[in-house]
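Worksheet for the structure shown next.
The values are calculated or read from the model by the stated rules, or taken from the named source; none is laboratory data. What you see is a predicted model; the values in this text were computed from it and never measured. Neighbour counts run over all protein chains shown; Cβ positions are idealised from the backbone, glycine included.
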Ligand code: B4P
């Protein structure tokens, strides 16, 4: 199963990605996690990514696309994957289309996590007190929400037009949200058989 997880910052992509990966036995690939992993190194690229993420911006498409292409070529993606937080721009959509076509593969579904802005801001402020992430300050959270609305939210319509979008109410406990996702995915799989 090849899945995308889309939604505003704080909508629970990372949380649900982990649950989907465990349930469907596919790797969860989070570009945010990959970038955070890079921050431990002291390369010029890591420094560039650190500054962009701390400011709440998007890492440039060429860097992001290269990293995703390398990750998707890994053998553990042979049976599918759930991509969390990618694509976030139209250019990234084009690259993912190219990568999938090259492998003669297609997406099964795009899960759109729907949460009120007040709720996602509250979640990120709560995470700030627990994890202390550099991009979870009030000012940066507001900027990330704005960039999401301007650059990423319109992509949901792209996938809706392709008949791939599955809208999920992402308010409620992580378990309740996952139950909604798995019910929707299992229904899709049943239709496909
Ligand atoms: P991400 O790592 O994707 O971070 P996010 O959008 O903030 O979080 P997510 O939606 O995964 O929320 P989570 O489950 O953690 O991106 C970070 C940065 O990386 C970006 O700003 C950007 O700079 C860069 N980046 C990543 N991908 C990129 C790309 N493709 N192109 C360019 N740049 C890119 O949940 C948030 C909090 O809510 C957690 O504390 C969680 O415990 C809590 N929570 C989750 N579900 C809940 C629920 N149902 N109820 C209550 N709380 C819940």
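Worth a mention:
- Residue pairs meeting the criteria (Cβ under 6 Å; at least 6 apart or on separate chains; first without any contact (Cβ under 8 Å) to a residue 60 or more places away in the chain, in region 126-141; second near the ligand (Cβ under 8 Å from one of its atoms)): 128/136; 136/124; 136/127
- Residue within region 82-91 that is within 12 Å of the ligand (Cβ to nearest atom), in a helix (DSSP H, G or I) and farther than 18 Å from residue 148 by Cα present: no
- Those helices (runs of 4 or more DSSP H) lying entirely in region 1-63 with at least 1 residues touching a residue at least 60 places away in the same chain (Cβ under 8 Å) and under 30 Å from residue 189 (Cβ atoms): 13-24
- Enumeration of residues in region 93-119 that are within 15 Å of the ligand (Cβ to nearest atom), touching a residue at least 40 places away in the same chain (Cβ under 8 Å) and over 15 Å from the mean Cα position of the chain (by Cα): 116, 117, 119
Residues checked against (1) assigned to a helix (DSSP H, G or I); (2) at pLDDT 95 or above; (3) more than 19 Å from the chain's Cα centre (by Cα):
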site	(1), (2), (3)
149	yes, yes, no
153	yes, yes, no
156	yes, yes, no
160	yes, yes, no
166	no, yes, no
180	yes, yes, no
185	yes, yes, no
191	yes, no, yes
